[in-house]
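Trainee: Before I ask anything, here is the structure I am working with.
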Amino acid sequence: MAELESLETAAEHERILREIESTDTACIGPTLRSVYDGEEHSRFMEKLEARIRNHDREIEKMCNFHYQGFVDSITELLKVRGEAQKLKNQVTDTNRKLQNEGKELIIAMEELKQCRLQQRNISATVDKLTLCLPVLEMYSKLREQMKSKRHYPALKTLEHLEHTYLPQVSHYRFCKIMVDNIPKLREEIKEVSMSDLKDFLESIRKHSDKIGETAMKQAQQQRNLDNIVSQHPRISGGKKSKKEVCASSDLEVKNTSPMSEQDSGILDVEDEDEDEEVPGAQDLVDFSPVYRCLHIYSVLGARETFENYYRKQRRKQARLVLQPPSNMHETLDGYRKYFNQIVGFFVVEDHILHTTQGLVNRAYIDELWEMALSKTIAALRTHSSYCSDPSLVLDLKNLIVLFADTLQGYGFPVNQLFDMLLEIQDQYSETLLKKWSGVFRNILDSDNYSPIPVTNEEVYKKIVGQFPFQDAELEKQPFPKKFPFSEFVPKVYNQIKEFIYACLKFSEDLHLSSTEVDDMIRKSTNLLLTRTLSNCLQNVIKRKNVGLTELVQIIINTTHLEKSCKFLEEFITNITNVLPETVHTTKLYGTTTFKDARHAAEEEIYTNLNQKIDQFLQLADYDWMAMEPGSKASDYLVDLIGFLRSTFAVFTHLPGDVDVHSTMSGKVAQTACMSACKHLSTSLMQLLLEAEVRQLTLGALQQFNLDVEECERKMQSRPL
């Protein structure tokens, strides 16, 4: 068994030795490791040394066998070395000669090589510059356009440069710098164009007043033109241009349609009184910045951002425009400037709407207009309520109508403005009533309450022309003569007509029907009669210092004014062309007003008479313990009867026609007499029944009876 293992070990060592002999040195490691991993290391080393000794013996034999050939070879090599040295010297000498001979040629060749290199470089440079120069020229053109603020062409140049020229030379460093700079240039163009837009918005804000003023002038001229056309409905040829009509009236108008001039929203209209042309919106404001900015942002793909910014800024400006100044109500110029700014704002927006595609749309305009309409109406309601001058209110109404007509010409709905004008009409009516209250007070205070004397026919016709009065008997009387009424009758009548005219002025251009105008005038006139004039008459009648003669004259005056009410009805009918018989026509209440005033005057007469009687009775000094009566009536009673007779004589000698004398004065005198007698009898009875009178003598009663009989006798003598 041990022998078998020894044989296997020997065979293994033999195999390893063969591998070591036949294997590359770099791969001998695994083979040696297998030796060291075994247990027969020393035996392998012995066999390895034995194998080395064998190879050394073979090498020695090989060297001994070829030694003579080696020596011969060395001898031959030594001989060849000498010949090689000679050959080397000859080659070196030949090379030196050749180098000396070809030195100039080498220099020429080097020069030729350098020239060829330069020529090739120049050609390559020319080719590259041919590609680069257009890029540089385009870039220079771009900078020049930006410098001259031609931003939209600059943006087009930038696009062309980026997509056409730069890709051809993209490997150059300067092109990379340009490519990196392109976003910055775009941003710079955006910022500069936005700056121009901001300047445009500021310009619009400054010029809105002027633009609105121009547009309202044009609307006024259009209205004047329409009035001229309506006054000349037939012109030869059936159709004739408005220019011919304007020529006949010394008016020159261009582009009468509010939307003519390329939908600009601005008219080139000549001033009504001057030959100079009124500038349009495009003359007052340069719209090119907004167009350029819109195009630039559209090309850059930021149109929506631009639209939102523009609309946001314009909304802010709209809120500023719609904010009225605190003192706007003080003058008409305040309202005019306010309206001019609003009109200017919407004229510009209308211009933008029609000259751009989508920057603003109809929904946006309608939204702004709804906001403007509500704020404008609220401001007008607030500020107009402070107006106490009817002339200012009327001028404001005319300005509002012009404001509404102007914006209506641009397609904006203005019905709410006209509805608001009806509200202002009520305020206007109130201011008129206040004004006419002062007018009536001045007339009544300055009147002498005496019949109007007439000395000649001219004065007579003048008064009859002022007041509708006809009396055949008075006309037959010779001059001088007197009208039955005092001066306040024709003055009040004319002022009522002036009030009606003032009401009519407000109704003009409100697009109201004749029936609505008639109803408005009649209602306002009724307020004037039943409230204003009635209060003024009542105040005059209730004055402390009013005399009996004045009260009688007031009765006569109110009677004639009452009769004139039918003429006022006819006057209103003539100016409104609405017949009184028309259904729903309001009737004038003047008759009731003057009747009430007359009754108040009558009551005042009765009251004054009774007060006078009381004053006389205070002078009564009866001696209730007298033993004998006096021989005549008491002095106070005689004076009282004399006063009453003179008073009733006033009624007897009232001037005027027969009807007035017989009906009015007779009734008043009769009623006054009855009231005075009744009050006198009651007062005399009170004298007897006073608590202070505790005893009476027969003489005192006889004196009292004498006074009563005196009263009976005088009253029976018909003091009237």
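Trainee: Have a look at ASP419, ASP389 and point out the one that is more than 19 Å from LYS316 (Cβ to Cβ), of a type in the set (Asp, Glu) and not assigned by the TED database to the domain that holds ASN308.
Mentor: One residue alone meets the criteria, ASP419.
Trainee: What is the number of the single condition among (1) outside any helix (DSSP H, G or I); (2) closer than 23 Å to SER326 by Cα that TYR410 does not meet?
Mentor: Result: TYR410 passes all but (2).
Trainee: Here is a follow-up. Is it true that ALA154 is of a type in the set (Gly, Ala, Ser) and surrounded by 12 or more Cβ atoms within 10 Å (Cβ to Cβ)?
Mentor: yes
Trainee: State whether one or more residues within segment 85-98 are outside any loop (DSSP other than H, G, I, E, B), out of contact with any helix residue (DSSP H, G or I) (no Cβ under 9 Å at 6 or more places or on another chain) and at pLDDT below 85.
Mentor: No, because not a single residue in segment 85-98 is outside any loop (DSSP other than H, G, I, E, B), out of contact with any helix residue (DSSP H, G or I) (no Cβ under 9 Å at 6 or more places or on another chain) and at pLDDT below 85.
A quick yes/no check of all residues on (1) surrounded by fewer than 16 Cβ atoms within 10 Å (Cβ to Cβ); (2) farther than 30 Å from ASN224 by Cβ; (3) in contact with a strand residue (DSSP E or B) (Cβ under 9 Å, 6 or more places away or on another chain):
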| position | (1), (2), (3) |
| --- | --- |
| PRO480 | yes, yes, yes |
| LYS491 | no, yes, no |
| ASP509 | no, no, no |
| LEU512 | no, no, no |
| LEU533 | no, yes, no |
| VAL540 | no, yes, no |
| CYS565 | no, yes, no |
| ASN577 | yes, no, no |
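Results for (1) open to solvent by 50 Å² or more (accessible area, probe 1.4 Å); (2) touching a Cys at 6+ places or on another chain (Cβ under 7 Å), shown as yes or no for each residue.
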| site | (1), (2) |
| --- | --- |
| LEU444 | no, yes |
| ASP447 | no, no |
| GLU457 | yes, no |
| TYR460 | no, no |
| GLN466 | yes, no |
| PHE469 | no, no |
| GLU473 | yes, no |
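Trainee: Further question: Does THR682 qualify as being more than 60 Å from the chain's Cα centre (by Cα), open to solvent by less than 80 Å² (accessible area, probe 1.4 Å), at pLDDT below 80 and under 25 Å from GLY642 (Cα atoms)?
Mentor: So THR682 does not fit the description; no.
Trainee: Quick check, is ARG381 at pLDDT 90 or above, outside any loop (DSSP other than H, G, I, E, B) and on the phi < 0 side of the Ramachandran plot?
Mentor: Spelling it out, it is not the case that ARG381 is at pLDDT 90 or above, outside any loop (DSSP other than H, G, I, E, B) and on the phi < 0 side of the Ramachandran plot.
Trainee: Quick one: would you say LEU142 is farther than 29 Å from GLU349 by Cβ, in a helix (DSSP H, G or I) and of a type in the set (A, V, I, L, M)?
Mentor: Taking the combined requirement at face value, the residue satisfies it.
Trainee: For residues that are open to solvent by less than 100 Å² (accessible area, probe 1.4 Å) and of a type in the set (S, T, N, Q), scanning just segment 34-89, find the one that is nearest to GLU21 (Cα to Cα).
Mentor: ASN54
Trainee: Can you name the condition, by its number, that LYS434 falls short on among (1) open to solvent by 20 Å² or more (accessible area, probe 1.4 Å); (2) in contact (Cβ under 8 Å) with a residue 12 or more places away in the chain; (3) not assigned by the TED database to the domain that holds GLN495?
Mentor: Tallying (1) open to solvent by 20 Å² or more (accessible area, probe 1.4 Å); (2) in contact (Cβ under 8 Å) with a residue 12 or more places away in the chain; (3) not assigned by the TED database to the domain that holds GLN495, LYS434 fails exactly one: (3).
Trainee: Still on this structure: Considering (1) farther than 16 Å from GLU12 by Cα; (2) exposed (fewer than 10 other Cβ atoms within 10 Å of the Cβ); (3) modelled with pLDDT under 85, say which one PRO30 fails and leave the rest.
Mentor: Here PRO30 meets the rest and fails (1).
Trainee: Being small (Gly, Ala, Ser) and in contact with an Asp or Glu (Cβ under 7 Å, 6 or more places away or on another chain) narrows it down to one of GLY344, GLY334, so name that one.
Mentor: Every option except GLY344 fails the conditions.
Trainee: OK, next. Any idea how many residues of segment 157-197 are open to solvent by less than 50 Å² (accessible area, probe 1.4 Å), among the polar types (S, T, N, Q) and in the same structural domain as GLU307 (by the TED database)?
Mentor: Total satisfying the criteria: 2.
Trainee: Another question about this same structure. Residues LYS47, LYS79, LYS61: which one is touching a His at 6+ places or on another chain (Cβ under 6 Å) and on the phi < 0 side of the Ramachandran plot?
Mentor: Exactly one residue qualifies, and that residue is LYS47.
Trainee: Evaluate segment 199-208: report whether one residue or more is hydroxyl-bearing (Ser, Thr, Tyr), modelled with pLDDT of 80 or more and crowded, with 20+ Cβ neighbours inside 10 Å.
Mentor: Checked segment 199-208: at least one residue is hydroxyl-bearing (Ser, Thr, Tyr), modelled with pLDDT of 80 or more and crowded, with 20+ Cβ neighbours inside 10 Å.
Trainee: Please indicate, with yes or no, whether at least one residue in segment 477-484 is hydrophobic (A, V, I, L, M, F, W, C) and within 54 Å of the chain's Cα centre (by Cα).
Mentor: no
Trainee: Report yes if VAL179 is assigned to a helix (DSSP H, G or I) and in contact (Cβ under 8 Å) with a residue 40 or more places away in the chain, otherwise no.
Mentor: So VAL179 fails the test.
Trainee: Checking ASN340 against (1) at pLDDT 90 or above; (2) polar (S, T, N, Q); (3) open to solvent by 60 Å² or more (accessible area, probe 1.4 Å), only one condition comes out false. Which one?
Mentor: The single condition ASN340 does not satisfy is (3).
Trainee: Let me ask you something else. Within the group LEU399, LEU422, which residue is under 15 Å from the mean Cα position of the chain (by Cα), under 17 Å from ALA502 (Cα atoms) and surrounded by fewer than 20 Cβ atoms within 10 Å (Cβ to Cβ)?
Mentor: LEU399
Trainee: Applying the selection to segment 466-519, what residues are out of contact with any helix residue (DSSP H, G or I) (no Cβ under 9 Å at 6 or more places or on another chain) and among the small types (Gly, Ala, Ser)?
Mentor: Within segment 466-519, ALA472, SER513 meet the criteria.
The values are calculated or read from the model by the stated rules, or taken from the named source; none is laboratory data. On a predicted model such as this, the values are computed, not experimentally measured, just so you know. Glycine gets a Cβ as well: all are built from the backbone with ideal geometry, and neighbour counts include every protein chain shown. Please note that ligands, DNA and RNA were not included when accessible areas were found on the heavy atoms of the full protein model with its side chains. Shrake-Rupley method; radii C 1.70, N 1.55, O 1.52, S 1.80 Å.
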